[in-house]
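Q: A single structure is presented below for examination.
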Amino acid sequence: MNILLAILVLGSIAAIFGALLGFASVRFKVDADPIVEQLDALLPQTQCGQCGYPGCKPYAQAVADGEAINKCAPGGEDTIKKIADLMGVEVQPLDESHVKGDVAQSNRPKVAFVIEEDCIGCTKCIQACPVDAIIGAAKQMHTIIIDECTGCDLCVAPCPVDCIEMRELPETIHNWQWDLTSIPVKQLD
Amino acid sequence: MVESVVERITRGHFWDFHGGIHPPEQKFLTSSKPIKQLSLPKQLIIPLQQHIGREGDLLVTIGDRVLKGQALTLSTNPMVVPIHAPTSGTISAIKMSVIAHPSGLSQLCIFLDVDGEDTWRKRELCHDIEQLTNHQIIEKIADAGIAGMGGAGFPTHIKVNRQPDINFLIINGAECEPYITADDLLMMEQSNAIVDGIKIIDKLLTPAFILIAIEDNKPKAIKALQQATASIEKIKVCVVPTKYPTGGEKQLIQILTGTEVTSGQLPIHAGIVMQNVATCFAINEAVRHDTPLIRRVVTVTGQALNKPQNVWALLGTPINFLLEQCSVQNIENENQPVIMGGPMMGFSVSSELVPIVKTSNCILVPSKVEMPSAFEKESKEVECIRCGQCSDVCPSQLLPQELQWSAKAKDHAQLKKLNLSDCIDCGACAYVCPSQIPLVHYYRIAKAEIREQQQLDLKAEKAKIRFEARKLRLEKEKIARQEKHKKAAAARKAAMNKATPEATGAKSAVAAALARVKAKKASKAQVDTPDAPADLSTEVVDDQKSQVSAAIARAKAKKQLKAEAATKLSNSSDDTNKAVDVDTVETKTTVTQQPTVDDKKAKIAAAVAKAKAKKLSKNAEVTDTDKVTDNTLADKTVAEKTVNIDDKKAKVAAAIAKAKSKALAKANAKAESLNEEKIAANNVSATVTSNVTPTDHSPSNSAQAIPEDIVVTENAENSDSKNQNESLAESTPTPAMDKKAKIAAAIAKAKAKKKLKEASSVENNDQDSV
Ligand code: SF4
Ligand code: SF4
Ligand code: SF4
Ligand code: SF4
């Protein structure tokens, strides 16, 4: 009898707390960002496709579905580290097979540049640009909106007359990085 | 609360801020000498941007003569302040030049060759500011190009624009940084003008009280201002204890009012506006005397100078001119550092030609005894010993040593947690650090990195939005295209059903007529070669035609039943027989007609075959190869016959064209213009091909070379007929042709892509192979 009573009491306590916890978990549910959004926020948004996906979002989706985390060349080690943190996996070195051209090699940002006198206005580059950073119309000269260009390199290959090249952004006082050691001392004539 | 604060102030009681230091003042070097008026320098170098924000639009060009006070740039938005010619002269250059920036980088500067006459532009003096509306005053301040002269260079006209509920207007005359006495001297000499300036701001902002804060190490300035403000109840001169950095905005507010402006807040949120004394002086000049900001007081000091003193320097004066005026002892010394700004917050400049700008208040040329650290190339930094002195003196109550570690580790999240953004770069921590760690330098690097990162993040965000928008747009276009294709297919089917052989005949006549008109231009080029190598050229054209027709035939074959195709063939053979007569008579006309028909065919074939060619290619290839080899081996009669077959093909093609044209009714005009291009392209192709023909038709070649061509054509007709041209053109490289072919290829490719997305991959392959 005593045992039965004990079971009953303990059982009902367990049921009450269980219900309470269940209610709390529903009531106070934290809406976390979907993992894909979080991953996408970590990627550099260059939209270059070097990872083998047609943009950063698709790669974020793929990583969420278990794709390797080391395929984004523009993001480099930093991005891999952040993704590893988020996904709770080991940091891996950058997959070299996904590094195309020299996009990832220079630390100064690059943007595409149309050599305008050579452009025949074929509009191929516009179709290649993932962020619509090229303006122009059929048989008109095309040009790149520097501020919108992500430096993805995708417009260079389709140009039939090879008039697009990647150029480093010049250093100005607006993007200059303080550097302890290398303040240039220039003497003007 | 405001009253209690004022009560405290009148009793001479102030609050204190955390930390602070008492570095050797060294103000005696210059504080006892009056401000010197300098002779005019030979040349002024005026940077377009002298303040926070962006530069204005240039109003002058090289060679222009400008008058003193004339605007050189135009302000296009509120964050832009204009610059003015400090004296009269001629613009000799507008180019990049090193400016007063720690990076030593260049910026666009106007070079003004001074003519020495110092002629003013027309000025409108204003004797009674009561007549001006607030709006007019603010406009005058904005037009005068006044930006905060204490150091930050924030556009003043924004700061003095009317805000509700201003409790305190604080006039900052603390000038806490060692060596600098520019504001001190200005207060001594121009106290009335400064007070007039303060009155103008008072009119604009209507604060409850005006506090003028001066450190107690400037007795003469205090006296002068007390005298000038004696009659004004609202203005209180506050003598605050000397301590560095009292002049910091947040620190001074805390000293005077006891209010702590918390992290991320602006003084205006607490009902407080602060202006520098020099700015007040400039406002008075601008509003009353219509004198834009073209000069300022600069303290030229340091023990390396024989005659350190304050000078009235025109903006744009190169510092070597100032140093000459103050007899520097050994400017030749390569290692002699020249520091712009004070010893605590300044930076060494990289060129003697760096000009004075609106925010430069001091040029410091220290001797080796005075500032040994400035002469050392190598930093004497050693490891942090965690003595904690830095956090004791930090006026922002930060943890400098923690910040330093995080800055070195580039841990931006941690830096943010430690409130790096509240660091005012005062340098107090680096001053006391026994390990000689250049702490502020690390913070500056970190701040720049964080700023850069923020910009990158912004850009990434923008790229993401644009990428998504583009995806959406492509998706929409695709749906629209599919819809169109569906409609076109339906229309084609309907037209197909109607197209009986008789109708085809009639319509082909119309099509041919149309084509002939278009070909007229093109034909001229071709007429040159019709007679002598007639056989060859027709053969060549036939080659092409047979390829094209093969494609059409294939397309047809798939669409129609085999039985139907059979009847067509019999029909066409009939046609052939009839046409033989006509053709033998009109060889010449046929020749001229050929390119046209060819043209038309190429176009139609391209449109139709693109979709179907690939699937069917294998079957057709065999038959085509047979046909073509026949053609090439055949003699004149066979050539004529193929010409006729072509005629029949033209009919078939025309039938398809009609169906097409119905669907593409809207695009017709466009297609027409395209036709012309095509003709041009074909011209190239025809001529090129005829050039190459001999090799193509050498018996050993013909069997293999030609089928290859066909295979290529089958993959993506439209672009490929051009690609072929291109490859042929390469073998006979005439630049003009090359270019034409290239252009044609490019246009065709673009066109093909638009029409048929599916074909694009194939095309790309082709392009690669080309
Ligand atoms: S490789 Fe390019 S497209 Fe892929 S995630 Fe990185 S930046 Fe985005
Ligand atoms: S791909 Fe090259 S030629 Fe074509 S429009 Fe772009 S820049 Fe001009
Ligand atoms: S430089 Fe920054 S961290 Fe150092 S004492 Fe000044 S406010 Fe504090
Ligand atoms: S003063 Fe220098 S040594 Fe002392 S704790 Fe700060 S950083 Fe370290």
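Q: Run B:SER396 past the list (1) over 19 Å from B:THR262 (Cβ atoms); (2) among the small types (Gly, Ala, Ser); (3) away from chain A (no Cβ under 11 Å) and report the number of the one that doesn't hold.
A: (1)
Q: While we're here: Please verify whether B:GLN43 is on the phi < 0 side of the Ramachandran plot and surrounded by fewer than 20 Cβ atoms within 10 Å (Cβ to Cβ), treating the condition exactly as stated.
A: Yes.
Q: Within the group B:PHE168, B:PHE209, which residue is over 30 Å from B:LEU38 (Cβ atoms), surrounded by fewer than 21 Cβ atoms within 10 Å (Cβ to Cβ) and either assigned by TED's automatic domain parsing to the domain that holds B:LEU252 or modelled with pLDDT under 90 (or both)?
A: Step by step, each of B:PHE168, B:PHE209 is checked, and only B:PHE209 is over 30 Å from B:LEU38 (Cβ atoms), surrounded by fewer than 21 Cβ atoms within 10 Å (Cβ to Cβ) and either assigned by TED's automatic domain parsing to the domain that holds B:LEU252 or modelled with pLDDT under 90 (or both).
Q: Follow-up. B:THR90 is checked against (1) hydroxyl-bearing (Ser, Thr, Tyr); (2) under 30 Å from B:VAL239 (Cβ atoms); (3) surrounded by fewer than 22 Cβ atoms within 10 Å (Cβ to Cβ) and fails just one. What number does that condition carry?
A: (2)
Q: Show me the helices (runs of 4 or more DSSP H) entirely contained within the stretch B:197-292 in which 1 or more residues are within 38 Å of the chain's Cα centre (by Cα) and of a type in the set (S, T, N, Q).
A: Details: elements: B:219-229, B:249-257, B:277-289.
In the stretch B:197-292, B:277-289 are the helices (runs of 4 or more DSSP H) which contain 1 or more residues that are within 38 Å of the chain's Cα centre (by Cα) and of a type in the set (S, T, N, Q).
Q: Specify the residue that is nearest to the other protein chains (Cβ to nearest Cβ); the eligible residues are those in the stretch A:102-114 that are out of contact with any Ser or Thr (no Cβ under 7 Å at 6 or more places or on another chain) and either outside any loop (DSSP other than H, G, I, E, B) or modelled with pLDDT of 90 or more (or both).
A: As a first pass, look at the stretch A:102-114 and keep what is out of contact with any Ser or Thr (no Cβ under 7 Å at 6 or more places or on another chain): A:102-113.
Keeping just the survivors that are either outside any loop (DSSP other than H, G, I, E, B) or modelled with pLDDT of 90 or more (or both) gives A:110-113.
On the way: A:LYS110: 13, A:VAL111: 11, A:ALA112: 13, A:PHE113: 17 Å.
By that ranking, first place goes to A:VAL111.
Q: While we're on this one: Within the stretch A:118-128, count every residue that is in a loop (DSSP other than H, G, I, E, B) and more than 8 Å from chain B (Cβ to nearest Cβ). Reasoning before the result, please.
A: Initial filter on the stretch A:118-128 (in a loop (DSSP other than H, G, I, E, B)): A:119-123.
Remaining after also requiring more than 8 Å from chain B (Cβ to nearest Cβ): A:119, A:121.
Of the residues in that region, 2 qualify.
Q: Report yes if B:ALA413 is of a type in the set (A, V, I, L, M), surrounded by fewer than 17 Cβ atoms within 10 Å (Cβ to Cβ), part of a helix (DSSP H, G or I) and more than 16 Å from ligand 1 (Cβ to nearest atom), otherwise no. Spell out the reasoning first.
A: Details: of a type in the set (A, V, I, L, M): yes; surrounded by fewer than 17 Cβ atoms within 10 Å (Cβ to Cβ): yes; part of a helix (DSSP H, G or I): yes; more than 16 Å from ligand 1 (Cβ to nearest atom): yes.
Judged against the criteria, B:ALA413 is a match.
Q: Report whether or not B:VAL365 is more than 16 Å from ligand 2 (Cβ to nearest atom), in contact with a Ser or Thr (Cβ under 9 Å, 6 or more places away or on another chain) and either of a type outside the set (Lys, Arg) or not assigned by TED's automatic domain parsing to the domain that holds B:ARG451 (or both).
A: Working: more than 16 Å from ligand 2 (Cβ to nearest atom): yes; in contact with a Ser or Thr (Cβ under 9 Å, 6 or more places away or on another chain): yes; either of a type outside the set (Lys, Arg) or not assigned by TED's automatic domain parsing to the domain that holds B:ARG451 (or both): yes.
Here the answer is yes, as B:VAL365 does meet what is asked.
Q: Kindly check whether there is at least one residue in the stretch B:55-70 that is within 30 Å of B:LYS203 (Cβ to Cβ) and part of a strand (DSSP E or B).
A: Yes, the stretch B:55-70 contains at least one residue that is within 30 Å of B:LYS203 (Cβ to Cβ) and part of a strand (DSSP E or B).
Q: Given the criterion within 21 Å of B:GLY341 (Cα to Cα) and within 11 Å of ligand 3 (Cβ to nearest atom), identify the matching residue among B:ILE437, B:ILE445. Explain how you work it out, then say what you get.
A: Details: B:ILE445 fails: within 11 Å of ligand 3 (Cβ to nearest atom).
Within the list B:ILE437, B:ILE445, the selection yields B:ILE437.
Q: Take the residues of the stretch B:104-132 that are crowded, with 17+ Cβ neighbours inside 10 Å and within 14 Å of another protein chain (Cβ to nearest Cβ): which is farthest from the chain's Cα centre (by Cα)?
A: The selected residue is B:PHE111.
Q: I'd like to check something: does the stretch B:474-484 contain any residue that is closer than 19 Å to A:CYS56 by Cβ and either at pLDDT below 90 or not charged (D, E, K, R) (or both)?
A: Yes: the stretch B:474-484 contains one or more residues that are closer than 19 Å to A:CYS56 by Cβ and either at pLDDT below 90 or not charged (D, E, K, R) (or both).
Q: Of the residues that make up the stretch B:378-392, is at least one within 39 Å of the chain's Cα centre (by Cα) and more than 16 Å from ligand 1 (Cβ to nearest atom)?
A: Of all residues in the stretch B:378-392, those within 39 Å of the chain's Cα centre (by Cα) come to B:378-379.
When the remaining residues are screened for being more than 16 Å from ligand 1 (Cβ to nearest atom), the result is B:378-379.
Yes.
So that you can scan it fast, the table gives a plain yes or no per residue for (1) away from chain B (no Cβ under 14 Å); (2) of a type outside the set (Gly, Ala, Ser):
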site	(1), (2)
A:GLY18	yes, no
A:LEU21	yes, yes
A:ALA24	yes, no
A:GLU37	no, yes
A:ALA41	no, no
A:CYS48	no, yes
A:PRO54	no, yes
A:LYS57	no, yes
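Q: Another one. May I ask you to verify whether B:GLN43 is at pLDDT 85 or above and polar (S, T, N, Q)?
A: Values: at pLDDT 85 or above: yes; polar (S, T, N, Q): yes.
Yes, satisfied.
Q: Among the residues of the stretch B:453-464, is there at least one that is more than 16 Å from ligand 1 (Cβ to nearest atom), more than 14 Å from every other protein chain (Cβ to nearest Cβ), surrounded by fewer than 19 Cβ atoms within 10 Å (Cβ to Cβ) and not in a loop (DSSP other than H, G, I, E, B)?
A: no
Yes/no per residue for (1) among the small types (Gly, Ala, Ser); (2) away from ligand 4 (no atom under 16 Å from the Cβ); (3) within 24 Å of B:HIS412 (Cα to Cα); (4) part of a loop (DSSP other than H, G, I, E, B):
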{"position": "A:ALA6", "(1), (2), (3), (4)": "yes, yes, no, no"}
{"position": "A:LYS29", "(1), (2), (3), (4)": "no, yes, no, yes"}
{"position": "A:CYS72", "(1), (2), (3), (4)": "no, yes, yes, yes"}
{"position": "A:LEU94", "(1), (2), (3), (4)": "no, yes, yes, yes"}
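Q: Before we move on, is B:LEU420 surrounded by 16 or more Cβ atoms within 10 Å (Cβ to Cβ), of a type in the set (A, V, I, L, M) and away from ligand 4 (no atom under 11 Å from the Cβ)? Give the steps one after another, and end with the answer.
A: Numbers: surrounded by 16 or more Cβ atoms within 10 Å (Cβ to Cβ): yes; of a type in the set (A, V, I, L, M): yes; away from ligand 4 (no atom under 11 Å from the Cβ): yes.
Yes, satisfied.
The values are calculated or read from the model by the stated rules, or taken from the named source; none is laboratory data. From a predicted model like this one, the values you see are computed outputs, not experimental measurements. Glycine also receives a Cβ, built like all others from the backbone with ideal geometry; neighbour counts cover every protein chain displayed.
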